[in-house]
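The values are calculated or read from the model by the stated rules, or taken from the named source; none is laboratory data. Everything numeric in this text was worked out from a predicted model, so none of it was measured. Here the Cβ positions follow ideal geometry from the backbone for every residue, glycine too, while neighbour counts run over all protein chains shown. Calculation scope for accessible area: heavy atoms of the full protein, side chains included, ligands and nucleic acids excluded. Shrake-Rupley method; radii C 1.70, N 1.55, O 1.52, S 1.80 Å.
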Amino acid sequence: MIELVYSRATDASDAIRRAESENAKYLGGGTNLVDLMRESVEVPSALVDVTGLSAEIKETDDGGLMIGAATRNTAVAEHPVVRARYPMLTRAIVAGASAQIRNMATVGGNLLQRTRCTYFSDIDGSRCNKRSPGEGCDAIEGFNRNHAILGASPACIATHPSDMCVALAALDAIVHLRNASGERAVALCDLHRLPEDRPDLETVLEPGELITAVELPASAIAARSTYRKVRDRSSYAFALVSVAAALELDGGEIADARLALGGVAPKPWRAWHAEAALRGRPATKASFLEAADAELADARPLAGNAFKVGLARRTIAAVLQQLTEGARQ
């Protein structure tokens, strides 16, 4: 039995004040944190329930969208503005988990779910630098089929599990944060850290800092977007590879592109190299494959996951081809 203090915050200021105790955790939907508590991976001294904070979705003055951190994933996926202007986000959320989990999970909680693999949860039988810094990583020489091919380090090769975050990365989402000292905003692409030699530090959040909202900037290209997830089974499985993509064509050429990958890195992976390689090129399969190769040039696969390089390459090309054909209809 884990002994802890549970309290329910009335607003953001109250939540931050209640989280000042050592090893306090914010509790959103609990779909990740509570599971880790059951495995004794997370052992907080206090839980501050923030599910009663802002769950509002409202349009911004410049045509974007502001989503409160306590908004349930289902509410985001079903919102008419999200479905019309940011369809990749709806598709990513629906691909993410079962309906029951989507109904419980919150936006803030989804962003902060732990980057993890099976060794992370095996506290009695496995070494994990993320769980115990300096202990070692059994995944490197062990079962690593689901692990990272980009952005990993000798300390950790786990992949970030969120589908929603992959879409948010492609959409240039901005995360709004608040602590006792004030407020700040961080690009979603900069929120999560790569493991390097400290895989236990997964985000740039400071102790006690609270996610209050996620902002989607206005984006014409986002309306022509999609999300595809390749996995071992059709539901309730993390991605082997996923692709969030948006494409803008000018005749037969690519005027602009947005691309992010999931299932291949310790954080949602914005495919900057591929985007640069696409702009100004003809919208053909050859161009799509060349762009994928540009992004995957730095891939460092392991014995069990080398197939991900080819899988990612084919999936990127297939998704871009799908968007191209849709734009021409």
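Applying the criteria of a DSSP loop state and at most 14 other Cβ atoms within 10 Å to the GluC sites (Glu not before Pro) of region 250-304 yields no site.
Applying 1/(1 + (r/R0)^6) with R0 = 51 Å to the Cβ-Cβ distance of Asp250 and Met1 gives a FRET efficiency near 0.25.
Electrostatic tally near Gly263: other residues with Cβ closer than 10 Å to its Cβ, Lys and Arg +1, Asp and Glu -1, net +2. Taking the dipole about the Cα centre of region 224-328, with the C-beta of Lys and Arg at +1 and of Asp and Glu at -1, give me whichever of Gln321, Leu261, Phe238 is farthest to the positive side. Looking along the dipole axis, the top candidate is Phe238. Of all aspartates and glutamates in the structure, those lying under 17 Å Cα to Cα from Lys58, and not within fewer than 8 positions of it along the same chain, are Glu78, Glu215. What separates the Cα centres of region 257-312 and region 41-68 is a distance of 31 Å. Among the chymotrypsin sites (Phe, Trp or Tyr not before Pro) in region 178-263, those placed in a DSSP loop whose Cβ has at most 14 other Cβ atoms within 10 Å are Tyr236.
Rounded to the nearest percent, how much of the accessible area of the chain (1.4 Å probe, protein heavy atoms only) is carbon and sulfur?
49 percent
Normalised per residue, the accessible area of region 134-225 is 39 Å², obtained with a 1.4 Å probe and no contribution from ligands, DNA or RNA. From the alpha carbon centroid of region 208-242 to that of region 70-122 is 8 Å.
By the rule of a C-alpha distance below 18 Å, with chain neighbours fewer than 8 residues away ignored, the lysines paired with Lys25 are Lys130. Of all the options Arg258, Arg224, Arg300, the one that moves most in a Gaussian network model of the chain with Cα springs shorter than 10 angstrom is Arg300. Candidate cross-link partners of Lys229 among the aspartates and glutamates, defined by an alpha-carbon separation under 17 Å and a same-chain spacing of 8 or more, comprise Asp163.
Restricting to DSSP loop positions (anything but H, G, I, E, B) with no more than 14 other Cβ atoms inside 10 Å of their own Cβ, which GluC sites (Glu not before Pro) remain in region 1-69?
Passing sites in region 1-69 are Glu3, Glu20, Glu22, Glu39, Glu56.
A full extension of the chain between Ser234 and Asp298 corresponds to an added length of 20.1 nm, given 0.36 nm per residue minus the alpha carbon distance. Label-to-label distance for Ser132 and Ala318 is 4.1 nm, based on points extended 7 Å past Cα in the beta-carbon direction. For region 110-116, putting each phi into the Karplus relation 6.51 cos²θ - 1.76 cosθ + 1.60 with θ = phi - 60° gives couplings of 4, 5, 9, 5, 6, 6, 7 Hz, in residue order, rounded to whole numbers and with x for Gly and Pro.
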